[in-house]
Each structure stands twice: as structure tokens, then as C-alpha cells.
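Trainee: I'd like to ask you about the structure that follows.
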Amino acid sequence: MELRRNNESKHSRPVHPLPDDILKMPRNETVCQYCGISYLIHNEIKLLEDRLQAAELELAKSRALEHREEELKQQLQLTTNSLSATEIKYY
């Protein structure tokens, strides 16, 4: 099997992916009956790597949103304090 290295990843991907017929096979037809390890383990690992990468991106977005939320809370607090100080002067 010829492998191609992905520039942004440390992992190699097959140049010629598995046929759809094989990919659509039920899991019980692709695992060793003795040990339970899939014959298509390379493909399954690549799918898990893709899912992990998507989860990492989602986590990074979530962390960025948390950071932005904290900034907005601080800005709101400063604005509220500023308005409160202004109102006191006019009484």
C-alpha cells in the first residue's frame, strides 16, 4: 500500500482509499474472530484521528469564546461602573 504524508499532520494516509463496499461492511465482518482487532485498523485509526482533530478545533473555539466572554464581562463592568459614577455626579 502506497502512503502519502500529509504536510500538516505527522500521519500518513493511503493514496488509494479502501473501496466503499469494504468501508460499508458491518464491523463484525471486519474483525478477527479470535482477538477482536479489525482488519481495517489503519482506516479506523485515521477516522479516529479525523474525529480527534475536529474535537480539538471545537475545543479551541470554545476556549476562544470563553476568553471573549470574560473580556466582554470586564467591559460591561467598566461601563456599568462608569455610568454609576456619572449618575452620582448629577444628583
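The values are calculated or read from the model by the stated rules, or taken from the named source; none is laboratory data. Note that the structure is a prediction, hence the values are computed from the model and not measured. Note: ideal-geometry Cβ built from the backbone for every residue, glycine included; neighbour counts use all protein chains shown.
Trainee: Restricting attention to region 31-81, and to residues there that are within 17 Å of the chain's Cα centre (by Cα) and closer than 24 Å to residue 21 by Cα, which single residue is modelled with the lowest pLDDT?
Mentor: 44
Trainee: Let me ask something additional. Quick check: anything in region 10-21 outside any helix (DSSP H, G or I), exposed (fewer than 10 other Cβ atoms within 10 Å of the Cβ) and modelled with pLDDT of 80 or more?
Mentor: yes
Trainee: Would you be able to say whether some residue in region 72-87 is in a helix (DSSP H, G or I), β-branched (Val, Ile, Thr) and exposed (fewer than 10 other Cβ atoms within 10 Å of the Cβ)?
Mentor: Yes: region 72-87 contains one or more residues that are in a helix (DSSP H, G or I), β-branched (Val, Ile, Thr) and exposed (fewer than 10 other Cβ atoms within 10 Å of the Cβ).
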